[in-house]
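Quick note: the coordinates plus some simple rules give every number you see, no bench work behind them. Source: prediction; values computed, not measured. Cβ placement follows ideal geometry from the backbone for every residue including glycine, while neighbour counts extend to all protein chains displayed.
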Amino acid sequence: MNLLDGQTALVTGAGGGIGRAIALRFAEQGAAVAVHCRTAVEPAGEVAAEIRESGGHAVVLQADLTDEVACHRLVREVTDWSGGRLTALVNNAAVQPVQPLPGMTAAEWRTVVDTDLTSVFTCTQAAAAHMRAYGGGTVTHIASIEAAHPAPGHAHYSAAKAAVVMHARAAALEYGPDGIRVNTVSPGLIDREGLADAWPDGVRRWLAAAPTGRLGRPEDVADACVFLASSLARWITGHDLTVDGGVSARPTW
C-alpha cells in the first residue's frame, strides 16, 4: 500500500528479531531505512542488503546508544545520508537479561535502564530536534506488556519498559505542538528460533492463555509500527498499542 512513501526512518537495534522485521516492513511500505546496530554489523548488513535487493534504500549505521554523544551523532548520520530527512524513529534496541531482584547489582540495573530507557530519551530528543525543524514526524518506542505485568527476574526490564510508556506520553504532550507524534507498541511473547526448546513451559502457558492461540511474530509488531508512523494514525499520539494476541485480556483471578 506504500503507506510510508517519501519517509526516512531510523530503526534502532535492527540487526535481528523484531528490529529486522520493522526495518523490512518500513522499506516494503516505501520508506528509506537507516538500519542501526551496536555490534551486530553483519546481520544489520544483511537486512540492508535485503532492502536494496527489493529496490529500496537502506544504510547501516553503528552506535552505542548508551552514549549520549553517539545518539546525536547517529541522527546526524541519518540526515546526512538521506539529504536532510528523518520522518520516523523506532526505538527498538533493548536488552532483556534475567536476574532475580534480591541479588541484582546496581550495575546490572543500570545496564538495562541505560540501554532500554535512557537511550530512548536521548534518541528521541536528538530526532525530535531535527523533526521540529522540518515540519514534524513520528516516534515509536517498543515497550512490552511487562510494563504492566512484571515477570520474575525482569524487575529492571519491567521498570524500564513502564518508564518507556510514560516517556512516550510525556513526549507526546511536549512535542505535539511541533507536529511530532509519539507512541509505544507493547508486544507480548514473540516467537524466535529455539524459543520452544529453551522455554517449553512458558510457551505452553502462553498458548493456553492467548485467545488467538499462537505466539506473536516479529511482523505483528512491525505492522503496528507501520500503522503508527503512517497517516492512518495522524490523530493518535501518547498511546500504547498492545500487540499480544489478547493475553492481556485474560482474567488473572
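Once the dipole of the stretch 1-135 is set up with Lys and Arg at +1 and Asp and Glu at -1 on Cβ about the Cα centre, which of 81, 17, 48 lies farthest towards its positive end?
Farthest along the dipole direction, towards plus: 81.
How large is the charge dipole for the stretch 75-144, taken about the Cα centre, if only the Cβ atoms of Lys, Arg (+1) and Asp, Glu (-1) carry charge, to the nearest 20 debye?
Dipole about the Cα centre, nearest 20: 220 debye.
Can you list the HN-Hα couplings for the stretch 244-253, worked out from phi with the Karplus curve (6.51, -1.76, 1.60; θ = phi - 60°), rounded to whole Hz and with x for Gly and Pro?
9, x, x, 4, 5, 7, 6, x, 9, 10
Evaluate the charge dipole of the chain about its Cα centre and quote only its size in Debye, nearest 20, assuming +1 on the Cβ of each Lys and Arg and -1 on the Cβ of each Asp and Glu.
Roughly 500 debye for the chain.
Which value, in debye to the nearest 20, gives the size of the charge dipole of the stretch 54-97 about its Cα centre, when Lys and Arg are +1 and Asp and Glu are -1 at the Cβ?
On the way: 3 positive and 5 negative charges, 38 e Å.
In debye, rounded to 20, the stretch 54-97 gives about 180.
Whose amide H sits under 5 Å from the amide H of residue 58, counting only residues 5 or more places off or on another chain, with H placed in the peptide plane?
The list, which skips near neighbours in sequence, is 33.
May I ask which residue of 112, 230, 90 lies farthest towards the positive end of the charge dipole of the chain, with charges of +1 (Lys, Arg) and -1 (Asp, Glu) on Cβ and the Cα centre as origin?
230
Per DSSP H run of n ≥ 4, the term is -39500 (n - 2.57); total these for the chain, divide by its residue number, and report the mean residue ellipticity at 222 nm rounded to 500 deg cm²/dmol.
Numbers: 9 runs with 110 residues, N = 253.
Taking each H run of at least 4 residues, the total per residue is -13500 deg cm²/dmol.
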